Every structure is written in structure tokens, then in C-alpha cells.
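The values are calculated or read from the model by the stated rules, or taken from the named source; none is laboratory data. A quick note: this is a predicted structure, and the numbers were derived from the prediction, not measured. For neighbour counting, all protein chains shown are included, and Cβ atoms are generated from backbone atoms with ideal geometry for every residue, glycine included.
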Amino acid sequence: MGFWANQTRSVIEWKDASPDTLIWRWDGTNDELKNGSKLIVNPGQAAIFLYEGEIKAIHDYPGKFELGTGNVPFLTTLKNIMQNFTSEHKANIYFVRTTEFVDQKWGTTGPIKYDDPKYRFPVGMIAHGNFSFHITDIRNFFVNFSSNTDVVTIASIRKNIIGRILAPMTSVFAKSGYSYSEIDSHIQELSDLLSQAVAEDFKKLGFEMSDFRIERTDFDEKTHERIDKIADKMAEAQGDAAKVNEFANINGAGIANYATMEQLRALNAAAANQNGMAGMGIGMGLGAGLGAGMGFGGMNNMMMQNQMQQPVQQTPMVACKGCGAQIKATAKFCPECGKPQQEAQKCPKCGADVEGKFCPECGQKM
């Protein structure tokens, strides 16, 4: 009597599957497949027939089938190999969950090290998030992760996925060009870049990761110390800049108008001063000291133009009545011979000598 002969019928089914289980081996008595048994594949499941350690068939759609009929590829393969279910070798059936596994948490086991691309100092970043995944190639996935164990948990697959995420994360963050202060504002973009970086590797393993997200980032203690130092220096620099800008932000036109008024005042004062050039020099110093947008050259040009525009008043010259020397018309005595130059006028009314504008005797206006 063969190993499989005269066995009672059974139902091969994965029911009441634990939500934490991804791959489960059917645990029939002594791994025996019985003639006439029924195989039930529920929605979201696939069945793998393993004979002598080799995958012989995969049933990847739901249905209810009787072992012993030859109307489906999976069972035909099974029947031909087993030769009417008489065999001296053991066969196994594995069930694989094919639904999508959502909201799988992930986090870095230690700081991700890379150089900040903007400030050029080493960063130790800690990140957390979640992702979803589903099996796309049942054969490859089973070969890569089952290891002929009875049960493969979702937790073990999640651990494997996270390990493969962290390796390229350093490269993605370093190449992004974002400084530590810009990461949070570009978190979705970085999530997409990282998901794309690992997609091909995961595809070869038989599954696809979807909806990958980085939800929170932080930095290790050393990075926080460096960030605090940078923040202090930036605050100090901004404080100094604010003091400079307090004057620099004053309306430029207002400063120019004020300076122009001061220059005009200085020029007017110089014109009224007998030593006009000295007064103008003071005005120049004041204008240059205010930094009003007019240099010494500009001030000098303006003053020269002002001098050229003002008429030069010269005192008329006359001949001395005594020696004939050229003297000023306003001179009372000749500086050469000493002769008086202005003779007294006669009052036309009383005939008195008059030197002023009115006669001292009769008051007649001259």
C-alpha cells in the first residue's frame, strides 16, 4: 500500500488567518495530501504546491477544487506528480496572503549620517513614517522570504523592508540639496525620491511598496548642538545687520533733500560772510560729513559755478587832483601826495559849505 493510499478525505483551506501572518504552510497530518480532498483558495490568497523542495504549481485566484480532478492547471500538475496520490515523498501546500498591507510603521534604528549641503557640517538625522506594500510576484516573494518555514510574519517582512530603506536614505537626503532647516517643507518630495530609489530593488524581490511617507524628522544631540551654535551666530549677525539697516533703511530721498538744504544754508552763510571762501569750506565739510550723496568734487564744482554766476563788483578809479595818480573814487585823500580829494559843496539856498546830504545851516537837501 502506497504512502497516500486509503486516506480519508480532508479540506485544505487557510481560514481564520491571523492578520499578522503573510505565508502559512498547511499543517495536515504528516504533510499528507489525500485523494479526493478539497482545496479552497479564499479571496486575497494564493496557494503554492511544493514538492521535494521545488515549486511545482501556483494557484493565484480564489476557488474551490477537488484534488483528483484534472480541470485546473494547479491540480493537474499535482495529480501528475503524485501519480494517483501514491508517493513515497512528502508534498506541501503554502498559502500566501496577496492583499495590500497598509499603514506599516517604520523608523530609523539610529541616526542617518550625511553632510548638510548648505552649511557643510555633519548631520545625524532620525526619521519615522509609514508605508504600504503588496506582493506582485508570488514565486519570487516566496523564494526570497519563506526559507521553508511554517509561518512568515508581516513583522519579519516589514523589518526586511525597513533595512532596505535606510541604506539609500543617506544618499537621497545628501543629493537633495536641502539643508536641515528645509527638510520639513520638502518632506513629500523626499518621500517620493526615496520610494523611487528602492522601487526596482523591491520589484526583484517580488513585492511593491506604495504610499511611502516620511512623517517626522529629528536630529541627534550632536547635530542639535551644531544647529544651536549656527542659530546663535545667525541671530548675532542679524542683530548687527539690523543696527546698520536702521540708518540704511531711512528714505534715501529724504536724506538727499536734507543734505541739499544744509548745503544751501552753508552757501548763503558764506555769501554773507566777508571771508566767503572760509564759510563755504565749512559748508563743504558739513555736506561731506552727512554722506548726502554729493562728494567733495561735486561740492567744489557747485561752488565754482556759484562764484562764476555772481557778478564781480570793482571800485571805479579816478586821477588824484594833486599828483594825477590813479586812486579809488571813494578815497578822501591821495595815498601818494596826501591831497584831499573831496571838496565841500555849497548849499544852493544859503551858500554854506556842506559835506553831508543836508545843509547844516538851513537843512536844505543836497
*Specify the residue that is surrounded by the fewest Cβ atoms within 10 Å (Cβ to Cβ); the eligible residues are those in region 153-178 that are out of contact with any Phe, Trp or Tyr (no Cβ under 6 Å at 6 or more places or on another chain) and farther than 18 Å from residue 107 by Cα.*
177
*Within region 193-211, is even one residue surrounded by 12 or more Cβ atoms within 10 Å (Cβ to Cβ), modelled with pLDDT of 90 or more and of a type in the set (Val, Ile, Thr)?*
yes
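Residues checked against (1) within 23 Å of residue 365 (Cα to Cα); (2) surrounded by 13 or more Cβ atoms within 10 Å (Cβ to Cβ); (3) touching a strand residue (DSSP E or B) at 6+ places or on another chain (Cβ under 6 Å); (4) modelled with pLDDT under 75:
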residue	(1), (2), (3), (4)
299	no, yes, no, yes
305	no, no, no, yes
308	no, no, no, yes
326	no, no, yes, no
334	no, yes, yes, no
342	yes, no, no, yes
*Please specify each residue of region 39-60 satisfying the condition of being modelled with pLDDT under 85 and touching a Ser or Thr at 6+ places or on another chain (Cβ under 8 Å).*
49, 56, 57
